[in-house]
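Here, each number is a calculation from the coordinates, and none is a lab measurement. Computed from a prediction, not measured in an experiment: that's the story for all the values here. Every residue, glycine as well, gets a Cβ built from its backbone with ideal geometry; the counts of neighbours run over all protein chains shown.
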Amino acid sequence: MVRAARTVRRAVVTGGAGFLGSHLCEQLLARDVEVVCLDNFLTGSPQNVVHLVEHPGFRLVRCDVTDFVHVPGPVDLVLHFASPASPLDYLRMPIETLKVGSLGTLHTLGLAREKGARYVLASTSEVYGDPLRHPQDEEYWGNVNPVGPRGVYDEAKRFSEALTTAYRTSKGTDTGIVRIFNTYGPRMRADDGRAIPAFVGQALEGRPLTVAGDGSQTRSICYVDDTVRGILAMAFSTEAGPVNIGNPDELSMLRLAQWIVELTGSTSEIGFVDLPVDDPKVRRPDTTRAERLLGWRPTVPSEEGLRRTVDWFAGRLQAAAAQAG
């Protein structure tokens, strides 16, 4: 049963200049919601929202939510999406990652409470760690190494879930938690260390694709349009969650690499590198709860989503080559 929430006229999106955040800002504006985009540009970029800057309902503010959060005027919705999200980023910035999951969550929850706003936390499938249950449903507590290299991200998100829940139960704040599974699409950084942009960039440039381990580990990939639609379904509902938002379309990393070689028409070979420490062996969301509570399911086939992503990266490479020439 899908229940509608309050009317949303003005939203705050932290990390709004990031990959996922910029798509959220875009879709909120399309729904006639004013957007205040907060970002410190640690991993996000003003380039991701440059096309929105002239929109009368959009405001971009440079802000580090671990220091403070102040937004004048009414706010109906706070979406906390600020955080390094790729292993390359959070391994390079472990303290910043822990701070934005803890202090950043505290400050943004305070903003939501002050404004009487709905609050949605961007959590992650990484809270399940290297899972011992497959597929992963929201009742599973996870298998996380808190002192391993990935723990800075995993535990930051687990803490932020606990803090969000505490605000709901002890202060009555209207909160929701989404656990986001591997998402891909335009505006990903080519150098962020995640598999799809890495594979696409390598294939387009004719370099070997670097597959970790033997490539048998699996991920479930969800195109960004579907992920954003799921997040906003949660934002405009009254559900607390946590709710998995992801595509149950599971495939091995080796198959993904081969698929991208095919889609790009590349002559690249596939090479193998060491598997990262604590790298999950499997990942697939059980999306039953999202379908039941939000009426949401992904609709973009992986081949179509990968084609769009390849086209976007190819266009960026061509534009860079034209500028250089």
Find the relative contact order for the chain and round it to a whole percent, using C-alpha pairs within less than 8 Å whose residues are 6+ positions apart.
18 percent
So between ASN143 and ARG207, what do we pick up on full extension, going 0.36 nm a residue minus the alpha carbon distance?
19.5 nm
I'd like the distance between the alpha-carbon centres of the range 143-167 and the range 6-54, rounded to an integer number of Å.
25 Å
For labels at HIS55 and PHE159 in the simple 7 Å Cα→Cβ model, what's the distance in nm?
3.3 nm
Taking the structure as given and computing mean projected area of the Cα convex hull in nm², which label from [x] 17.1; [y] 18.3; [z] 16.0 fits?
[z]
What is the set of long-range amide H partners of GLN136 at a cut-off below 5 Å, with H atoms built 1.01 Å from backbone N?
ARG284, ASP286
Taking 8 Å as the Cα distance limit and 6 or more residues as the minimum spacing, I'd like the relative contact order of the range 31-139 as a percentage.
27 percent
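Among the trypsin sites (Lys or Arg not before Pro) within the range 203-309, which fall in a DSSP loop and have no more than 16 other Cβ atoms within 10 Å of their own Cβ?
Qualifying residues, ordered by number: LYS281.
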Measuring from its Cα centre, the chain shows a charge dipole (+1 at each Lys and Arg Cβ, -1 at each Asp and Glu Cβ) which, in debye to the nearest 20, is 820 debye
Highest to lowest packing among 64-73, 105-114, scored as the average C-beta count within 10 Å:
105-114, 64-73
Among the complete DSSP H segments of the chain, which ones combine at least 20 Å of alpha-carbon extent along their axis with a mean Kyte-Doolittle hydropathy of -0.5 or more?
94-115, 302-324
Taking every DSSP beta bridge with both residues inside the chain, roughly what % is antiparallel (nearest 5)?
10 percent
Nitroxide proxy distance, nm - points 7 Å out along Cα→Cβ at ASP279 and HIS134
1.5 nm
